[in-house]
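S.K.: What follows is a single structure, and I will ask about it in a moment.
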Amino acid sequence: MLKKKSIFVISGPSGSGKNTVYDGLRALMPEIAQTVSATTRAPREGEVDGVDYYFLSEKEFNDRVENGDFIEYVQYGKNYYGTLKSEIERLSSLGKIIVLIIEVNGALKFKELFPESVSLFIIPPSIEELKKRIIKRGQNTEADLQKRLQIAQYEMELKDRYDYCVVNNEIDDCINNVYNIIKGEQTK
C-alpha cells in the first residue's frame, strides 16, 4: 500500500514547463522520482528509451493495454501515452516520493484511482506565451501548433479539478511554489 501523500501528479498543457519544473524539483529533492511513461510517439532528439519514455509501437502498446499493464492511458493527438503499474510499484518499493508528469485526461483518471494523490496543474501565464514556447521547440507544423493550442484551451478549462494550480510565469518561482506544495503536503 502506498503511503499517504507520496504521489504527486503534475500536468498542464504542452509547453507549460512541466518537465522543467520537475528537473528543478529534482535538484531540490533527491527523494523524488518520476515515473517513466510509455508512448507510441517517436523519440525526440536526445531522448532515451526506458529513461525518458518507454517507446512502444502501437501494437506493443495495445498488447500491454490488453494485458492490463497500465494504470491509465490516453490518446493525445495521434499518439498514446500511459502509466505502467510496474512503474508505481517499482518507485513505491524504493520508498520514493512519486511524481507523474502526465497529460490532463490521464491525470484525472489517475486521481480517480488514487484519490490520496496530490494533483498540480502547471499553467502558462497566457495562451500567447504558450504559443511562443511551443514554437520555440521548432518541432511542429502550423497544423500541429493549432491542434496543440486547441488541446491546451480544453485542458486549461479543467484546471479547477486539480488540488493546486501553479502559474509558470517565471520558472524559478514556479519550481519553488511546487516545492512548497509538496513539502506542505508531506507534513499533513
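S.K.: List every residue pair whose Cβ atoms sit under 6 Å apart, with the two residues 6 or more apart in sequence or on different chains, where the first one lies in region 82-111 and is of a type in the set (Ser, Thr, Tyr) and the second, anywhere, is at pLDDT below 90.
M.R.: Ser92/Leu2
S.K.: Next question. For region 137-163, what are the residues that are at pLDDT 85 or above, of a type in the set (D, E, K, R), assigned to a helix (DSSP H, G or I) and open to solvent by 70 Å² or more (accessible area, probe 1.4 Å)?
M.R.: Within region 137-163, Asp160, Arg161 meet the criteria.
S.K.: Run down Asp69, Asp52, Asp63 and say which single residue is over 27 Å from Asn176 (Cβ atoms), of a type in the set (Asp, Glu) and in contact (Cβ under 8 Å) with a residue 12 or more places away in the chain.
M.R.: Exactly one residue qualifies, and that residue is Asp69.
S.K.: Also, quick follow-up: Among Val166, Val178, which is the only one that is crowded, with 17+ Cβ neighbours inside 10 Å, out of contact with any Asp or Glu (no Cβ under 7 Å at 6 or more places or on another chain) and part of a helix (DSSP H, G or I)?
M.R.: Testing whether each residue is crowded, with 17+ Cβ neighbours inside 10 Å, out of contact with any Asp or Glu (no Cβ under 7 Å at 6 or more places or on another chain) and part of a helix (DSSP H, G or I) leaves just Val178.
S.K.: Follow-up. In region 30-72, which residues are basic (Lys, Arg) and open to solvent by 50 Å² or more (accessible area, probe 1.4 Å)?
M.R.: Arg44, Lys59, Arg64 - these are the residues of region 30-72 that are basic (Lys, Arg) and open to solvent by 50 Å² or more (accessible area, probe 1.4 Å).
S.K.: Out of the residues in region 142-168 meeting the condition of being among the acidic types (Asp, Glu) and over 20 Å from Ile10 (Cβ atoms), tell me which one is farthest from the chain's Cα centre (by Cα).
M.R.: Only one residue tops the list, namely Glu142.
The values are calculated or read from the model by the stated rules, or taken from the named source; none is laboratory data. Since the model is a prediction, treat every value here as computed from it, not as a measurement. Using ideal geometry, Cβ is built from the backbone for each residue, glycine included, and neighbour counts are taken over all protein chains shown. Quick note on the areas: whole protein, heavy atoms, side chains included, nothing else; ligands and nucleic acids left out. Shrake-Rupley method; radii C 1.70, N 1.55, O 1.52, S 1.80 Å.
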